[in-house]
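Here the structure comes first, spelled out in structure tokens, and everything after it is commentary.
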Amino acid sequence: MTDTDRQAAGRRTAEELLHLLTREDAAGVQRLLAGLPGIRDLVFVGAGLTAVARAEARRLPPAQRAQANTRQLRLGSLRDAHRDDPEGLRTWLRRAGDEVLLIRSQQAVADRLTG
């Protein structure tokens, strides 16, 4: 599998993870993450989640955007601390997915207030 293929697979898996988190399907999240065999696979999913979080955070009001950026830095530190630990990277992915859901909920509130 090429890195381009892994990147596309990572984006698809990130979207699937977000779908499961939205549905609060803890067992599904656990199965999905357990099915990611290696560190590279986990990192490509994380890259997909990071791209979604950063893109969606750009639409937030300035103060919330700044807070989201700080949370992204903390998630990066968590990733770095577990770079050789698949289970630690799975924790990072769960938290990164939760971050996307938080950004989406903040955007929904901001949209209601301005719309």
Carbon plus sulfur fraction of accessible area for the chain, probe 1.4 Å, in percent: 53
Computed [θ] at 222 nm, deg cm²/dmol, the chain (DSSP H ≥ 4; -39,500 (n - 2.57); rounded to nearest 500): -29000 deg cm²/dmol
Summed residue charge, Cβ within 15 Å of Trp92's Cβ, Lys/Arg positive, Asp/Glu negative: +1
Segment 20-115: trypsin sites (Lys or Arg not before Pro) in DSSP loop, at most 15 other beta carbons within 10 Å: Arg23, Arg58, Arg59, Arg83
1.4 Å probe accessible area per residue over the chain, in Å²: 59
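The values are calculated or read from the model by the stated rules, or taken from the named source; none is laboratory data. Being a predicted model, the structure only gives us computed values, none of them experimental. Note that we place each Cβ from the backbone using ideal geometry, even for glycine, and neighbour counts take in every protein chain shown. Note: accessible area is taken over every heavy atom of the protein model, side chains too, but ligands, DNA and RNA are not part of it. Shrake-Rupley method; radii C 1.70, N 1.55, O 1.52, S 1.80 Å.
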